[in-house]
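Student: Questions regarding the structure given below will be posed in turn.
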Amino acid sequence: MTEDFLTENRAKKTKLYEGKAKVVYPSGDPGLVHMVFKDDATAFNGEKRGTIKGKGHLNAQISAILFKYLEENGIPTHFVSLDDKTSMTVKLLKIFPIEVVVRNIIAGHLAERVGRPEGEDLPFPIIELYYKSDELGDPLLNDDHILALGLASREEIDHLKSQARKINSLLKNFFMERGLLLVDFKLEFGRVVSVAEDGTVVEGEIVLGDEISPDTCRFWDAETRMKLDKDRFRRDLGGVEEAYAEVLRRIS
Ligand code: UDP
């Protein structure tokens, strides 16, 4: 896709979707969309808002590197190509309304919920599933809730969890080799959507979607345990742009 096409499309404001950190535009191909990463940052379910200069660029580059790495290691993702500084072409997905969180070290909400200090190693990775709903504040769900509410089938839940475990093993090692601890992170999955010749919408295989970046992961320096992720914004620690740039530098 040329930059002209992207600029023209954006100027026409033909947005398919706008979220807190990304905007999705049509691509001209019904099975593909352009995902543009914004500098806008929110935390605490939208209560705290701000701008992190250069974040869109950094998160697009970081996500592209990680999606490529996962694809090379047998994990199907929605990633197709990086188009310009802040935008990538991805497959159109029907996203499960479920956020899959993987935790290797106690931090964030888990520390509060179980009354343990941040930084304690977990004996094995914990997987948590949350209902993707801003109005409800993304409540924690168990498998029975998901089945009873019809959000996913037994097979789909098992597949999401097994993919999340594989992704965690791959990324934990990838970051460790680059001097970073992968503390926890959030994933979203969906089914690839295509339109058949007769116009019917066909749902295909389950792939990893959304983004993988310091907005959605906690990264700590392996030596100093310095935070290099969105907690710098959430907790007003300063050096936010520098932290995101450092993550890109380490994985480039
Ligand atoms: N996370 C996310 N989006 C959310 C909630 C959490 O990307 O809506 C990520 C978050 O960045 C962290 C992990 O999931 O890496 C676990 O977050 P936690 O449940 O501790 O919540 P937080 O303290 O980040 O609000």
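Please treat every number below as a calculation from the coordinates, not as lab data. Given the structure is predicted, the values throughout are model-derived calculations rather than measurements. Methodologically, a virtual Cβ is constructed for each residue, glycine included, from the backbone with ideal geometry; neighbour enumeration extends over all protein chains shown.
Student: May I ask you to derive the relative contact order of region 18-59, considering only C-alpha pairs under 8 Å and at least 6 residues apart, and to give it as an integer percent?
Tutor: Worked out over region 18-59, it gives 32 percent.
Student: Let me ask something else about it. Nearest 20 debye, what's the magnitude of the dipole of region 105-187 about its Cα centre given +1 on Lys and Arg Cβ and -1 on Asp and Glu Cβ?
Tutor: It comes to approximately 320 debye.
Student: Would you mind checking the pairs LYS53/LYS172; LYS38/LYS132; LYS94/LYS186; LYS53/LYS161; LYS15/LYS172; LYS15/LYS55 and listing those with alpha carbons more than 24 angstrom apart?
Tutor: Cα-Cα > 24 Å for LYS53/LYS172; LYS53/LYS161; LYS15/LYS172; rest within.
Student: Counting pairwise Cα distances across region 106-252, what percent come out greater than 18 angstrom?
Tutor: Considering region 106-252, 65 percent of its Cα-Cα pairs are separated by more than 18 Å.
Student: Just to check, using Stokes-Einstein with a Kirkwood Rh over alpha carbon pairs, what's the diffusion coefficient of region 48-93 at 25 °C and 0.890 mPa s in µm²/s?
Tutor: For the chosen part, D equals 213 µm²/s.
Student: Hey, another quick one. How large is the direction-averaged shadow of the alpha-carbon convex hull of region 55-136, in nm²?
Tutor: 7.6
Student: Quote the charge dipole size of the chain about the Cα centre in Debye, to the nearest 20; the model charges only the Cβ of Lys and Arg (+1) and of Asp and Glu (-1).
Tutor: Computed about the Cα centre, the dipole is about 560 debye.
Student: Once fully extended, how much extra length lies between ASN142 and LYS53, figured as 0.36 nm per residue of separation less the alpha-carbon to alpha-carbon distance?
Tutor: Full extension from ASN142 to LYS53 adds 28.3 nm.
Student: Could you list THR42, THR86, THR224 in order of exposure, starting from the residue whose Cβ has the fewest other Cβ atoms within 10 Å?
Tutor: THR224, THR42, THR86
Student: Taking Rh as the Kirkwood radius computed over C-alpha pairs, what is the Stokes-Einstein D of region 161-221 at 10 °C in a medium of viscosity 1.306 mPa s, expressed in µm² per second?
Tutor: 118
Student: Counting residues in the chain as N, plug N into 2.2 N^0.38 Å and put the Cα Rg over that result.
Tutor: So the Cα radius of gyration is 1.00 times the expected 2.2 N^0.38 Å.
Student: Another question, if that's okay. What does the extension gain come out to for GLU18 and HIS159, with contour length at 0.36 nm per residue minus their alpha carbon separation?
Tutor: 48.0 nm
Student: Something else: Counting pairs of alpha carbon atoms under 8 Å apart in space and at least six apart in sequence, what relative contact order in percent does region 116-252 give?
Tutor: After rounding, I find 15 percent.
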